[in-house]
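Readers should treat all values here as calculations from the given coordinates under stated rules, not as data from a laboratory. Only a predicted model underlies this, so the values are computations on that prediction, with no experimental measurement involved. As a convention, Cβ positions derive from the backbone with ideal geometry for all residues, glycine included, and neighbour counts pool all protein chains shown.
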């Protein structure tokens, strides 16, 4: 009798996979994301929150947001989220890559970290590797094709790994189409993500130095860069400068007149996959966002860009996907400085 | 690379960014001359920045925004003055409270009003002396190519210098900070003078904050001043509470900051972090070189011991 | 010869500030009320918000435990501020001393390595103390010898500390195996041990002990008394042959060393590393809590507890109540303003 019942059950489960998934899905009701800064900063933090929210909506899962968590020990926040019923914690900052795995081990609640493949553990810790340098390479290519003055600037709000990878990728892309370009690199200050005034000053300086395309990596501070370019373009309407943003999509803002493109980070598909992994019991590996799966990609320009140039960018993308082009992945500040010196010794 | 253009940009940015600093610092100096140490300058600047931005957004007028910021600063300064002088609150405590409350309230309200959007103000503003800019390299565009508020601000600072140095009112302010009993004995209201000084200080700090959000940046973000108020306090002391000295120091501070950015563009291989040190190390060096024998206003609320309330001429006012 | 007994310093700090602490309690209530008003005016539900606060940040085990954990570095920082304040000096440089002390502790712990906890803690603490003291030396000497205002110098040293520690941890002192700029991780079993089953660690015990020692020093030793006299009335103290300059310098240096212990505490317990972008900014909170505790040693304990509570509540309540986290600095400011103003009430009461 028992064997009969279990056989029937097995047949039912096999024949109706949706039933299986429905049973597994009962496990995941709520996911949470922890971000160091405000979820309204139109950048890093907001992107993570918005993407997870979108993923949650698609799956019908609750999403909790713990923002402004800073870089203190977030363990109690994680505990609080778990107490509220979160089944998965997304630790959306490279600074959390140590504390979150430790929490996962002690609490048994799975976490997602970024940029720490060594921390991966089956069923407990998954890692997102963002190959942003690939998309940044494409941005560099576009910049090299579009620059009229031959001078391109990178302005960063500090030198965390996330920015560093993109800086190098961008430089390599620029070098591939315009090795004689002048590349200016300027860091506003350590951790100056919100230093909008500093960003504006620095951007004005690089614009004065002749840059007509600015690749700006900053969160709240990016608006300072945007204002500097707006100002500049008003004064020099004949030779306007353009802006390349990162992470988010600002094409609805006042920047739209000169937003060349943006290195978009789209976590939605990644989050969907991670939640699915958890449900399937295959959680605990490194998930990559790259140009192939469009986890990172270039925002299509709304301003005038020639068809040829954009086509060339697409071709380059194909080459990266196929492996014909490899983009260096350099995340430490010293490495960045050295690589930039190699590529553009005269800058 | 166009060295001239870069130097112009650095000079221009340094001068413009010095404006909020020098306004707030001058205000702080006036307050301190009157014996009031206001650690709330950062909060007042933020209040001015937020108010100025909000008014500009609503009225679509940059000038009204600046006035709004100044007015908000006046209010805050007056509250500080009354708090310290009439109520007898501890200056340091009240000042720190203002900083926290000002920062927190503006951030809270900004989130309430604007959520996740980032409204921007138009960046165009009249540049009255732009035609003169052509005549001199670097200094020309740097000094003459600025927006109108820049000149208004420096005029105000110049005015403050005149008032402090040449007018009776300025004399009264300085006297109150040095020897309140003497002022009291002559029959001048110490309370009124100090409150007025605090209001002016707040007004200037608020105007400085508005200058930052309305003129320099064109937007507001929570904590947009990022410690500028405290630097203003430091520069007020470094500049010996004299507006013209403060002006020079603020410009030098701005130039050193800009130099840090500029040097990053050269082939010199120094870490950006170390270059950022320039202005702060500069202040220390300046202090060491010039600071000895720095005489502070004798009655400046420096020690934790609270300054006694000044009572009108009954002869019982005491000093520590 | 004029002795100290003949000179009455204007305002001695209170050793038994019980009545004054009532003021603090009242100020807290008023600040919470102001917060509730703000919430109502902006269309939120204060009852919900405060209920979430109490439940998450106090009642849950994670709540009170984390409060104690957060209060620990604040005890160090508060003591540091108080020590300088007693001598009449303002150590605004707490933030910089915390950063440099933390980095030194992380490096020392990593260098010492080994398997034994207690020696590692001692080495790390000594490294932190020395570094914190060194970081305060220049402002201290400038103030003690030349009367150069320490507010300016210590503010500058905060910025310098930020950039220098960032540069060091990105380069020579960082963990070469990790891309993120941070020092090598101190293994969990070498960190400060936790008490029982909780998250609270013995850093709390050490902090309490240090505050008590500090209290003994300030209130029961000759040096402590002379230091207090220096702050209360420098002129009178000088008349009494007290070397005020030396005391001010010493107090600032000591203050820097103690502040650094807050950084050491964090590195050896909750963080385990020094990260390039970490800056807990204990300085402002430290001043606030010293005032809340009515500038007394005993008052440091409830005040640090309260601000530790605020710090954690700010991390969990806004999310649950749907309000902006900036709510918390706002009520902290209201608290300080209320405290400042209650002085007037005391005066009025005193006059009758």
Plugging the Cβ-Cβ distance of residue C:47 and residue C:216 into 1/(1 + (r/R0)^6) at R0 = 56 Å yields, to the nearest 0.05, a FRET efficiency of 0.80
Compactness index (Cα Rg / 2.2 N^0.38 Å), segment C:79-133:
1.33
For Cα pairs less than 8 Å apart in space and 6+ apart in sequence, what is the mean separation divided by the residue count of chain C, i.e. the relative contact order in percent?
36
If I build a Gaussian network model for chain A, linking alpha-carbon pairs within less than 10 angstrom, which residue out of A:54, A:196, A:208 has the largest mean-square fluctuation?
A:208
Using the Cα atoms of segment C:73-283 to build a convex hull, what is its mean projected area in square nanometres?
11.8
Cα centroids of segment B:276-291 and segment B:107-185: how far apart, whole angstrom?
24
The value for chain C (convex hull of the alpha-carbon atoms, volume per residue, Å³) is 152
Gap in Å between the Cα centre of segment C:309-347 and the Cα centre of segment A:276-347?
45
What number, in nm² with one decimal, is the all-direction average of the projected area of the convex hull of the alpha-carbon atoms of the protein assembly as shown?
44.4
With the 8 Å Cα cutoff and a minimum separation of six or more residues, segment C:73-283 has a relative contact order in percent of 45
When Rg is the radius of gyration of the Cα atoms in chain A and Rh is its Kirkwood radius, what does Rg/Rh come to?
1.04
For Cα pairs less than 8 Å apart in space and 6+ apart in sequence, what is the mean separation divided by the residue count of segment C:232-344, i.e. the relative contact order in percent?
14
Treat the count of other C-beta atoms within 10 Å as a stand-in for reagent exposure and order C:198, C:230 from fewest to most.
C:198, C:230
Based on the alpha carbon coordinates of segment B:73-179, what radius of gyration and maximum Cα-Cα distance (Dmax) apply, in Å?
20.4, 56
Just to verify a number: FRET efficiency for residue A:334 and residue B:186, C-beta to C-beta distance, R0 = 56 Å, to 0.05?
0.25
Taking Cα centroids, how far is segment B:8-64 from segment A:86-157 in Å?
38
Stokes-Einstein translational diffusion, segment A:214-347 - Kirkwood Rh over all Cα pairs, 0.692 mPa s, 37 °C, in µm²/s:
187
Under a plain spin-label model, where a point goes 7 Å from the Cα along Cα-to-Cβ, how far apart in nm are residue A:280 and residue B:259?
6.0
Working from Cα positions, state the angle (0 to 90°, nearest 10) between the long axis of helix B:168-178 and the longest principal axis of chain B.
70
Tilt, helix B:228-238 to longest principal axis of chain B (alpha-carbon atoms), in degrees rounded to tens, equals 70
Determine by what factor the alpha-carbon radius of gyration of segment C:115-222 differs from 2.2 N^0.38 Å, reporting the quotient.
1.39
Using a Förster distance of 22 Å, the FRET efficiency for residue A:346-residue A:149 (Cβ separation, nearest 0.05)
0.90
Along principal axes, largest first, the alpha-carbon spread of segment A:25-116 in whole Å comes out as 33, 31, 22
Note to self: Kirkwood Rh of segment A:58-160, Cα pairs, one decimal, Å, is 16.1
Projected-area mean, segment B:1-70, by convex hull of Cα positions, square nanometres
6.5
Once you have all Cα-Cα distances for segment C:169-266, histogram them in 10 Å bins from zero and send the whole-percent values.
13, 28, 24, 18, 14, 3
Test of understanding: ordering B:212, B:289, A:278 by Cβ neighbours within 10 Å, fewest first, what list do you get?
B:289, A:278, B:212
Quick note on C:307, B:144, ordering by fewest other C-beta atoms within 10 Å, gives B:144, C:307
For chain B, what is the convex hull volume of its Cα atoms per residue in Å³?
145
Dividing the convex hull volume of the alpha carbon atoms of segment B:7-147 by its residue count, what do you get in Å³ per residue?
131
With everything on Cα atoms, drop me the angle between helix B:243-264 and the longest principal axis of chain B, reported from 0 to 90° to the nearest 10.
30
